[in-house]
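Written below as structure tokens is the structure these notes are about.
The values are calculated or read from the model by the stated rules, or taken from the named source; none is laboratory data. As the structure is a computational prediction, the values presented were derived from the model and not from experiment. All Cβ positions, even for glycine, are placed from backbone atoms using ideal geometry, and neighbour counts span all protein chains on display.
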Amino acid sequence: MKAKAVCRFIPSSPRKMRLVVDLVRGMNVEKALEVLHFQPKHAAKTAEKVLRSAVANLLNNDQGSTRIDTSNVVVREAFVDQGPTMKRISPAPMGRAYRIRKRSCHLTIVVEEV
């Protein structure tokens, strides 16, 4: 049985978020939560929140016939897509202007019971 969680418009660049998400892809959920909790990067907090949401969705979508043990749950898919980019202007020397791109991303995590 599969369940997924999506967090959209995260104010972090996709490149930085992919560094964190690549660590937990294919990992057991308990081990992945432990890795994300002690990861020093800022994107790890958001990734941990989305992973916990995906596990909760799996437990809530259960039909009630069997109880799901979280030790048997695996991160099946985890990917980051680029979101919209806010464009800002910063003053530069000699009357010029530099463009600042504030990127955002969408994070999707799919968990599955083994």
| message | The conditions are (1) at pLDDT 95 or above; (2) surrounded by 13 or more Cβ atoms within 10 Å (Cβ to Cβ), and residue 68 fails exactly one of them. Which is it? | response | (1)
| query | Inside segment 50-82, can you point out the residues that are basic (Lys, Arg) and under 10 Å from residue 110 (Cα atoms)? | reply | 76
| request: Give me the pairs, please: first residue somewhere in segment 91-114 and farther than 30 Å from residue 24 by Cβ and in a strand (DSSP E or B), second residue anywhere and modelled with pLDDT of 95 or more and of a type in the set (S, T, N, Q), beta-carbon distance under 9 Å, and either six or more positions apart or on two chains. | output: 97/90; 98/90; 99/90; 100/90
| Does segment 1-52 hold any residues that are closer than 25 Å to residue 68 by Cα, of a type in the set (Val, Ile, Thr) and outside any helix (DSSP H, G or I), and which are they? | 6
